[in-house]
């Protein structure tokens, strides 16, 4: 399989959602900032993956039930690590930047870093594949699934960052937003990886729908400011 094609299908889900959400910003961010934050999102995927692997190994040594280990893996090793790492990029690279000048920017930049992260995640999943149909199918599934989830969870965190930073609310809201993102992300992964009945795909679908409605409302709320 042509590597350029693999890269295309790895990035395409992120690019489509990126173009969609950038339209939500009435005052578009500089292209250099968009690329910079997207790149940092890609970059943190590698240390995140390393931390996840180490946690998988560590949690595997615990004498807990397989179900509890699976839950810890999904909620702590994956969801918490990834959501915190995405937030850390915004905290370190964006919040004090002069371009971070209106409430909606918090959601936009969190989405950008999330989609950079998701692009690398997609590439890592697609690279072992060789059949075009398989690559096309998995890329499509991740477009409406995992990539969308990354954008929505990070957008939710971005909303609470905006409440804290621009509306001078308690920083506890940021912690709350992170915990909610971890819960949604973890439950999504847990239901797909562990549940083996009719709720295997019902739960993830409900999570995506609820998050999508919340994020749409959150954009409208921040634009009132």
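Write out, first by first residue and then by second, each pair whose Cβ atoms fall under 7 Å of each other, whose residues are 6+ apart or on separate chains, and whose first residue, in region 59-79, is surrounded by fewer than 15 Cβ atoms within 10 Å (Cβ to Cβ) while the second is part of a helix (DSSP H, G or I).
Within 7 Å, the pairs are 60/69; 62/69.
Any idea which of 224, 169 is at pLDDT below 95 and in contact with a helix residue (DSSP H, G or I) (Cβ under 6 Å, 6 or more places away or on another chain)?
None of the others qualify; the one that does is 169.
Would it be correct to say that residue 188 is more than 30 Å from residue 98 (Cβ to Cβ), assigned to a helix (DSSP H, G or I) and at pLDDT 95 or above? Before the answer, list the steps.
Working: more than 30 Å from residue 98 (Cβ to Cβ): yes; assigned to a helix (DSSP H, G or I): yes; at pLDDT 95 or above: yes.
For residue 188, the condition - more than 30 Å from residue 98 (Cβ to Cβ), assigned to a helix (DSSP H, G or I) and at pLDDT 95 or above - is met.
Among (1) touching a residue at least 60 places away in the same chain (Cβ under 8 Å); (2) farther than 18 Å from residue 111 by Cα; (3) surrounded by fewer than 16 Cβ atoms within 10 Å (Cβ to Cβ), there is one condition residue 190 misses while meeting the rest; what is its number?
Here residue 190 clears every test but (3).
Checking residue 133 against (1) modelled with pLDDT of 95 or more; (2) surrounded by fewer than 19 Cβ atoms within 10 Å (Cβ to Cβ), which single condition isn't satisfied?
(1)
Tell me whether region 38-53 contains one or more residues that are part of a loop (DSSP other than H, G, I, E, B) and either touching a helix residue (DSSP H, G or I) at 6+ places or on another chain (Cβ under 9 Å) or in contact (Cβ under 8 Å) with a residue 24 or more places away in the chain (or both). Don't jump to the end; show me each part of the working.
If we filter region 38-53 for residues that are part of a loop (DSSP other than H, G, I, E, B), which is where we start, we get none.
There is no residue in region 38-53 that is part of a loop (DSSP other than H, G, I, E, B) and either touching a helix residue (DSSP H, G or I) at 6+ places or on another chain (Cβ under 9 Å) or in contact (Cβ under 8 Å) with a residue 24 or more places away in the chain (or both).
The values are calculated or read from the model by the stated rules, or taken from the named source; none is laboratory data. No experiment lies behind these values; they were computed from the predicted model shown. FYI the Cβ positions are ideal-geometry reconstructions off the backbone, even for glycines, and counts take in every protein chain you see.
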